[in-house]
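Worksheet: one structure, shown below.
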Amino acid sequence: MLHLKVFTNNGQQSAVEKPWRDQKWNEEYMSVMRQSLETYKPNRRPNVGTANILLLGQIGAGKSSFFNTVNSIFRGKITSQACIGSFGHSVTLKFNPMVPFTYHTPGYIKNPALENKIHCVAFVIDGSTVDEMSDKILKQLKDLQITVNQRGLPQIVLLTKVDKICPDVNADVTKTFTSSAVCSAVEKVANIMGLPRARVFPVKNYENETGLVVGINILVLEAMKRCLDLADDFIEEQV
């Protein structure tokens, strides 16, 4: 079982001949991945029934859209449960690293058991604004990461809106890993966050689509699988 918690280039692009990350794109592979995640349970810890994944990112980065995309994949149809939009304020919960949680904070648990803790953090970053991130946003991301590091939590990055980075990917999401523009964005974000490139996952959320797309599903499922693998590692270390 999986539990998600949501808090708060224009110009010609070139393609590379060899994909910079191996990826299967067929429907059979997608179905196997989805089934594997549907039956997921944290390894060897009977008291922990779910993996708690925290989504952190700036306003409009795609946190709620990612939640809806995951939900759509497992429901088999486009759904929209989390309120989404871009009105200059976040429509999901905000998280300020400079304001600590207190016992007055809704949902606060003073001494949480392992099952109530966060097991993995996914930073959600808008891929189309990587080159335009202000010093203020960069500082906020690094402040959040310091807090996450202090708690020893594993991390990945969800690089959203990859279709806006590259026209080829906009036309066909299976071109993601042959896009030099997406590759460059992944490298930049990896450097900013101090994480290996393998921890940065390009994804596209469902926005204008009226039906599910195999390629979009696969990108999101790959990211979710890595989140759960890291969550498993974290849970097992808390013995």
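Below, the figures for the structure above:
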read-out	value
Net charge of Cβ neighbours under 14 Å - reference T79; Lys, Arg +1; Asp, Glu -1	0
Packing-based ranking, highest mean first, of 15-23, 147-155, 179-187 given that Cβ atoms within 10 Å are counted	179-187, 147-155, 15-23
Projected-area average for the range 130-239 over all orientations - Cα convex hull basis, square nanometres	7.9
Test item: Cα-centred dipole of the range 126-239, Lys/Arg +1 and Asp/Glu -1 on Cβ, debye	240
Net charge, A190 excluded, C-beta distance under 13 Å - Lys, Arg +1, Asp, Glu -1	+3
Protection-proxy order for peptides 108-117, 137-146, 218-227, each taking the mean of Cβ atoms within 10 Å per residue, highest first	218-227, 137-146, 108-117
Label point distance in nm, E17-K225, each placed 7 Å from Cα along Cα→Cβ	2.8
Where labels lie 7 Å past Cα in the beta-carbon direction, separation of S180 and F74 in nm	4.0
Formal net charge of residues neighbouring D168 (Cβ-Cβ distance under 15 Å; K, R +1; D, E -1)	+1
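Read-outs: derived from the displayed coordinates by stated rules, not from any lab. Source: prediction; values computed, not measured. Every residue, glycine among them, receives a Cβ derived from its backbone with ideal geometry; neighbour counts consider all protein chains shown.
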